[in-house]
Each structure stands twice: as C-alpha cells, then as structure tokens.
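Nothing in this text is a laboratory measurement; each read-out follows from the coordinates by a stated rule. Remember, it's a predicted structure, so these values are computed and weren't measured experimentally. Cβ placement follows ideal geometry from the backbone for every residue including glycine, while neighbour counts extend to all protein chains displayed.
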Amino acid sequence: MTWRATVLTLYPDMFPGPLGHSLAGRALAENRWSLDTVQIRDFATDKHRTVDDTPAGGGAGMVLRADVVAAALDSIAADAPVLAMTPRGAPLSQARVRSLAAGPGATILCGRFEGFDERLFEARAIEQVSIGDYILSGGEMGALVLLDACIRLIPGVMGAPSSGDEESFETGLLEYPHYTRPYEWEGRTIPEVLRSGDHAKIAAWRKSMAEADTRLRRPDLWERHGGDPVQSPSGARRKNGNE
Ligand code: SAH
C-alpha cells in the first residue's frame, strides 16, 4: 500500500522539492509513497481569492481564514491524520514520526503569515506540530522535514530494514560517532577498538560513547532516558524535560 502525503499550501510548487531527490525521490518514483498538493487559494470564495485577513484585536501581519482552510481540508479524503505546522504545536519526535510512517500517510496544513485562525483547531481534528523552537516563514519547510523523516522509514525505502534502528533518538540517546577510511587523517587516527574486530567490545564502546555524548550535549534527553541528573554550569539541578 502506498503511503500517502497530502499537503495543503499556498505554494504547491515547493513540492516535492528536495523530496524529489535521493532516497525519497527514488521511493516516490517507485510509488512507495505518493504526493498530492492542494492549493488553499482554490477554496477562497471572493473574486480576489482572499485567504487571509487582518488579526482580530489588531497587530501586525495577516491571519489565514478558518473558513477557507477548512474548505480546502474538507475537500480531501479523511483517511490519514491531519497535522498543521505551527510553532505552537507539540515538538515533532522520532516516536511520532515512526507512528505516522506506520500509518496510511499524513495530511499536512502549511501556515503562512501569522498562522491560522484558532477556530480551525476547535472545529476540525487537527494535530498541531512544531519542528523546533524557532520561527519559519511558512509551514512548507516543516512539511518537508516531517515527510522526509517519515518517508525514510517506509518499508523498502532505506536499504537494510534495520539500518534505522540505531539512529539518534531511536534508543532515547544520541548515536555514537562514526569514522571511515582513511585510517589516518591530519594526524588523527580511527579509535583502535573499531579496528579490533571484537564485536562485543565495539558494541560496548559505542554504547558508552552514545551515553557520554548524550549526557554532555543533550542533558534533557539524558535525564529523560533515566540517566543521573546533570549539573548545569550554575550548579542548578535540571528538571526533566526542561531546557
Ligand atoms: N505568528 C506565529 C508564527 C507564524 S510563522 C507564532 O508566533 O506562533 C508562519 C507559518 O510558518 C506558521 O503558520 C507555520 O505553518 C510555519 N512555522 C513557523 N515556524 C514553525 C515551526 N517551528 N514549526 C512548524 N511550523 C512553523
């Protein structure tokens, strides 16, 4: 069964964009996933094809109209979860990506301007998703990120079915560091243990590196993983999930 991506956007020409290349592009050509775009503007009702209006209460920018976006959404089959890109959403996680990839597909709403009229989220079942704590100019890049993360997990897209299993976040930790030939580069050599051929020793080294790097770089992940609390430079104890 083909994993089905539907993107609602004011800029359909942005798709498939980068997803037309490499692994995702090949998988698209092989029909392992499909892509449909919906031009939100096609659902505007006035002669100027207006999709936005000024914010109630005043302030800068424009807001996407709930009636127009809902009409666009209602025009498509409701067989996949609907996600809206917004910095106000739940941070996207590898666990959510994995569950989306295992499902029928994803329908993604891309915002522009100041975002969506809030009533849209009250009136329709829409999961609000953020790709990180920074502001993009539109949801299209977020949709590409979300789709890329899902597509690589669709069966048959990545070479070996197991090759995603050790990736950062899959284990709750960052992945261990990688090395490849040449053995010596600018006076630096590959860690000896990786050349030992001792698979148990290599696995133990990788595990300890993954733990040490996660503790150092991502104390939030480390503590969520159940690691010992990491002292911040000020000496204040971090709370789980807090930056
Ligand atoms: N005024 C809004 C930001 C609007 S940015 C706010 O402060 O919350 C315009 C659009 O870009 C959003 O509607 C959303 O679709 C997209 N966008 C911006 N940042 C994003 C992020 N971190 N994650 C997902 N989508 C984002």
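Of note:
- Leading residue by the ranking (farthest from VAL51 (Cα to Cα)) among those in segment 103-131 that are out of contact with any strand residue (DSSP E or B) (no Cβ under 7 Å at 6 or more places or on another chain) and either within 12 Å of the ligand (Cβ to nearest atom) or among the aliphatic types (A, V, I, L, M) (or both): ILE131
- Within segment 141-154, considering residues that are within 11 Å of the ligand (Cβ to nearest atom) and touching a strand residue (DSSP E or B) at 6+ places or on another chain (Cβ under 6 Å), the one farthest from THR107 (Cα to Cα): GLY142
- Across segment 36-74, the number of residues qualifying as touching a strand residue (DSSP E or B) at 6+ places or on another chain (Cβ under 8 Å), more than 20 Å from PHE15 (Cα to Cα) and among the polar types (S, T, N, Q) comes to 1.
- Filter result (farther than 15 Å from GLU127 by Cβ and crowded, with 19+ Cβ neighbours inside 10 Å) within segment 71-100: ALA72
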